[in-house]
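What follows is a short report on a single structure.
The values are calculated or read from the model by the stated rules, or taken from the named source; none is laboratory data. Everything quoted here is computed from the prediction, not taken from an experiment. We place every Cβ from the backbone using ideal geometry, glycine too, and count neighbours over all the protein chains shown.
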Amino acid sequence: MYKCAARFLRFSVADLAAETGLPEAEVESVLRRLTALRLLRRSTAHPDLLTTVSPESAREQVTRPMLQQISLLQADADRLRDQLDQLVPLGAEIRTLGDGFNQLIVFDREVAVIQLRGNPLGAALIRDPHAVDFIVAAFERAWAAAVPFPTAHGRAQAIAASENIKADIVRLLTAGDEDKAVARRVGMSIRTCQRHITEIMNRLGARNRVQLGHLLHQQEATASAYFDSTRPSGSGPAVSASHSACQAESPG
């Protein structure tokens with residue numbers, strides 16, 4: 001369809017329907033997809049007509065916003081690392097956790113401050129010793145499962161981060177979480193999460209989501225071990241600014 005459209009300087013749906021012999025509804029559906037891919041645009045001189053865009057220009061239009069977003073995220077990650085680098089020499093310990101952990105501050109194991117439900121800008125002050133003990137125990141379990149936050153970052157750390165995220169996604173899918181819940185818990189968009197799931201399906205040889213679920217439940221330990229084994233040895237997972245981090249525990 002694109003090659004046919006490229007023969008015209010400007011064209012309408014009716015022009016392409018007549019040229020290809022296809023129904024106008026089918027032609028219009030294809031043109032909508034080509035427009036979404038930036039391969040077509042409205043003619044400046046004749047807004048009711050379309051004109052083709054070169055694949056090179058279309059690719060630049062599609063990738064430029066992505067590259068800008070990647071650059072912004074990398075800058076945020078670098079700023080986060082710079083801030084954390086200042087805390088480590090002061091005795092702070094910082095770890096990361098694939099599964100989300102709500103904001104929490106505990107003072108001397110006597111007072112806890114937690115985030116309000118439905119209001120991320122609000123906080124609740126808890127002094128009840130039983131509730132505080134429970135909160136501390138929950139944090140310590142999460143802390144034990146977390147890994148040290150890496151200050152260096154490069155190709156090895158990026159690969160390790162991707163494998164670490166996939167291992168977390170496998171565990172959440174095995175637990176029965178849906179895509180939206182998995183994305184929220186690992187701190188990424190649902191589209192990015194689904195891309196990771198597609199890569200997991202390819203690795204495990206699953207042809208569809210039903211077969212993936214069957215394979216994950218049938219070989220739960222094997223699937224998790226596979227992704228754990230693909231992480232480069234000796235390097236902790238690099239974590240972007242959007243990946244969930246445990247609250248740093250004050251020394252002493």
Exactly one of T51, T35, T63 is within 38 Å of the chain's Cα centre (by Cα) and closer than 30 Å to G187 by Cβ, and that one is T63
Of the listed residues (A183, A223), the one being aliphatic (A, V, I, L, M), within 23 Å of A77 (Cα to Cα) and either at pLDDT 85 or above or outside the structural domain of F107 (by TED's automatic domain parsing) (or both) is A183
Inside segment 106-120, the number of residues satisfying the requirement of being in contact (Cβ under 8 Å) with a residue 24 or more places away in the chain and either exposed (fewer than 15 other Cβ atoms within 10 Å of the Cβ) or out of contact with any strand residue (DSSP E or B) (no Cβ under 8 Å at 6 or more places or on another chain) (or both) is 1
Result of the Cβ filter at 8 Å on segment 182-207, keeping first residues that are surrounded by 14 or more Cβ atoms within 10 Å (Cβ to Cβ) and partners that are among the hydroxyl-bearing types (S, T, Y) and modelled with pLDDT of 85 or more, at least 6 apart or interchain, is A183/T192
*Before we move on, is R203 more than 18 Å from the chain's Cα centre (by Cα), more than 30 Å from R109 (Cα to Cα) and modelled with pLDDT of 85 or more?*
yes
When every residue in segment 37-79 that is of a type in the set (D, E) and free of Cβ contacts under 8 Å to residues at least 12 places away in the same chain is compared, the one surrounded by the fewest Cβ atoms within 10 Å (Cβ to Cβ) is E56
Condition test on T96, is it surrounded by 11 or more Cβ atoms within 10 Å (Cβ to Cβ), of a type in the set (V, I, T) and at pLDDT below 90?
yes
